[in-house]
Amino acid sequence: MSDTARSTVTFEGRFAREFAEMAIPWRAEEAPDPQLLVLNEPLAVDLGLDPEFLRSPEGLLLLIGNAVPADATPVAQAYAGHQFGWYAPRLGDGRALLLGEIAHSDGQLRDIHLKGSGRTPFARNGDGLAVVGPMLREYIVSEGMHALGIPSTRSLAVVATGRPVQRETVQPGAVLTRVASSHVRVGSFQYARATGDVGLLRRLADYAISRHHPAAAEAGNRYLALLEAVIAAQASLVAQWMLVGFVHGVMNTDNMTISGETIDYGPCAFMDAFDPAASYSSIDEGGRYAYRNQPLVAEWNLARLAETLLPLLHGDQDKAVELAVEALGEFRPQYSAAWFAGMKAKLGLREETDDDVASPLVDELLALLQAGRVDYTSFLRNLAKAARGQREPARGMVPDMAAFDAWAERWRALDPDADAMDGLNPIYIPRNHLVEEALAAATAGDLTPLGRLLEAVSNPFEERPGLERYAAAGPEDFAAYRTFCGT
Ligand code: AMP
Ligand code: MG
């Protein structure tokens, strides 16, 4: 049975075939003792994969790239990137492989990708490996983001390899099987442009158009339309991050997709207390990727993308720059409009509510939350109760109760829609203390807390009995929470 199931998996190998200049055929390192830690069954089914087969010994070998169909061409993808503002011409998949693309039930292709599958020619000084904690972290947070309705790469499985890996301490090794609309990044375009081969650049742009932004193909200037589409997708994405209090933590250009999906969950975190300066990554000492900077960084990254596209935008490079600048000028208004509409909706305000009335309410509330170091997620959730007349849960969270009362008076007068609020303000997010608890237990061999947390964050808007501790703010000492890169 497993043979037939396996033979039904067909990897397209489209990127490998069409971009030989950017794809090094490679094989995953053999795992001594693969053990499944978590499998995303609904996602497997959407991908036409039989969960029962994936759980079998042979299925595990497929999930970690140790046994792939004979006609598959796993590759390490080449890309460049600006890391913390510094350009690195050759990053690439140092510990990752693209197994190939397969069809999703929605009719679109998905990349099946491995993280932690061993050293590749791009590994530099790295060991090519990944460990259980960070891979499960990506699984939890990416699935939580998806459940929140935020575009994201998905996680199909995490398999422990049985290989001990040296980090600060010795940790159990693992491979994450990641699913993405594609792994074409801003850094992929930087790499293609740097080769000086405009034909390659054009092919990459055409590939991105066909996989992610097909409407651009109809435009008079399809490459300008591609740039505009990526700008729009990222403006919308970053607005959604901001609305849920998500801090990506490492918004290097190699970690920004052309599809508009969130990618690379390394040092990311959801903020507890509302704080525009929130920054968790231990390597982001200057706070370059702090919460409030994310829209600015996205715009900066998109400018790097625009630079790579100049040869395709217009024959006259001055004209090309003009077009690029004009397109980039759309980012701020699009981001602001998306963020403000989202904030208005989170407060239950109706579309017809005048923006001149809504805008100061939004600003004043955020200032109140910031001043009081109020837990952002649970406050907004409690605010729906206030819309129903039960003011205390939200009010009790704000130290300056008089200020809250004055604010709430004006807000209630606008007749906020409590049910709409409950559909937009999550009750369960991957809170830092819960993620750490689940990872520590899983690393020690107990997968129960992981399962419970996944159950909570996979259905983030629906309050369920028994999950109270998953809705509560983290302990105070988590305010100084640090995250570490997923290496
Ligand atoms: P990231 O910060 O995870 O986006 O990774 C940045 C770059 O470092 C990419 O080129 C990765 O492939 C590479 N990298 C990260 N960790 C390792 C590792 N343990 N071994 C080899 N390469 C790595
Ligand atoms: Mg990366």
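Tabulated data
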read-out: Filtered residues of segment 152-208 (kept if in contact (Cβ under 8 Å) with a residue 24 or more places away in the chain and of a type in the set (Asp, Glu)); value: Asp197
read-out: Glu455, sole failed condition from (1) surrounded by 15 or more Cβ atoms within 10 Å (Cβ to Cβ); (2) in a helix (DSSP H, G or I); (3) not hydrophobic (A, V, I, L, M, F, W, C); (4) not assigned by TED's automatic domain parsing to the domain that holds Ala345; value: (1)
read-out: Flag for Arg431 being more than 27 Å from Val357 (Cα to Cα), among the charged types (D, E, K, R) and surrounded by 15 or more Cβ atoms within 10 Å (Cβ to Cβ); value: yes
read-out: Any chance Asp206 is modelled with pLDDT of 95 or more and in contact with a strand residue (DSSP E or B) (Cβ under 7 Å, 6 or more places away or on another chain); value: no
read-out: Segment 257-271 - residue that is touching a Gly at 6+ places or on another chain (Cβ under 8 Å) and of a type in the set (A, V, I, L, M) and, of those, farthest from Arg110 (Cα to Cα); value: Met271
read-out: Of residues in segment 321-343 being closer than 18 Å to Gln190 by Cβ and surrounded by fewer than 20 Cβ atoms within 10 Å (Cβ to Cβ), the one nearest to the chain's Cα centre (by Cα); value: Leu328
read-out: Residue within segment 164-177 that is at negative phi, within 10 Å of ligand 1 (Cβ to nearest atom) and out of contact with any helix residue (DSSP H, G or I) (no Cβ under 7 Å at 6 or more places or on another chain) present; value: yes
read-out: Strands (runs of 3 or more DSSP E) completely within segment 1-120 that count 2 or more residues being touching a Pro at 6+ places or on another chain (Cβ under 6 Å) and not basic (Lys, Arg); value: 96-103
read-out: Flag for Ala442 being within 28 Å of Pro134 (Cβ to Cβ), in contact with a Leu (Cβ under 8 Å, 6 or more places away or on another chain) and of a type in the set (Gly, Ala, Ser); value: yes
read-out: Residue match in segment 68-83 (condition: without any contact (Cβ under 8 Å) to a residue 24 or more places away in the chain and within 16 Å of ligand 1 (Cβ to nearest atom)); value: no
read-out: Filtered residues of segment 356-387 (kept if surrounded by 13 or more Cβ atoms within 10 Å (Cβ to Cβ) and charged (D, E, K, R)); value: Glu364, Arg373, Asp375, Arg381, Lys385
read-out: Pairs where the first residue, in segment 117-136, is within 27 Å of Glu437 (Cα to Cα) and within 14 Å of ligand 2 (Cβ to nearest atom) and the second is modelled with pLDDT under 95 and among the small types (Gly, Ala, Ser), C-beta under 9 Å, 6+ apart; value: Ala130/Gly486; Pro134/Gly266; Pro134/Gly486; Met135/Gly486
read-out: Filtered residues of segment 89-116 (kept if free of Cβ contacts under 8 Å to residues at least 24 places away in the same chain and within 9 Å of ligand 1 (Cβ to nearest atom)); value: none
read-out: Residue under evaluation Ala20, criteria (1) surrounded by fewer than 22 Cβ atoms within 10 Å (Cβ to Cβ); (2) within 25 Å of the chain's Cα centre (by Cα), criterion not met; value: (2)
read-out: Among residues of segment 213-253, those that are over 20 Å from the mean Cα position of the chain (by Cα) and within 16 Å of ligand 2 (Cβ to nearest atom), counted; value: 0
read-out: Answer from Ala130, Ala88, Ala160, Ala147 - the residue that is in contact with a Lys or Arg (Cβ under 9 Å, 6 or more places away or on another chain) and either farther than 18 Å from Gly13 by Cβ or not assigned by TED's automatic domain parsing to the domain that holds Thr308 (or both); value: Ala130
read-out: Residue tally, condition under 26 Å from Ala420 (Cα atoms) and touching a residue at least 24 places away in the same chain (Cβ under 8 Å), over segment 444-461; value: 8
read-out: Segment 260-291 - residue that is assigned to a loop (DSSP other than H, G, I, E, B) and under 19 Å from Ala96 (Cα atoms) and, of those, farthest from ligand 2 (Cβ to nearest atom); value: Glu261
read-out: Any hit, segment 102-111, residues being of a type in the set (Asp, Glu), more than 15 Å from ligand 2 (Cβ to nearest atom) and closer than 23 Å to Ser259 by Cβ; value: yes
read-out: Filter pass, Ser142 being under 30 Å from Gly342 (Cα atoms), among the small types (Gly, Ala, Ser) and within 14 Å of ligand 1 (Cβ to nearest atom); value: yes
read-out: Residue within segment 134-150 that is buried (at least 19 other Cβ atoms within 10 Å of the Cβ), among the charged types (D, E, K, R) and assigned to a strand (DSSP E or B) present; value: no
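The values are calculated or read from the model by the stated rules, or taken from the named source; none is laboratory data. From a predicted model like this one, the values you see are computed outputs, not experimental measurements. In this analysis, Cβ positions are derived from the backbone assuming ideal geometry, glycine residues included, and neighbour counts consider all displayed protein chains.
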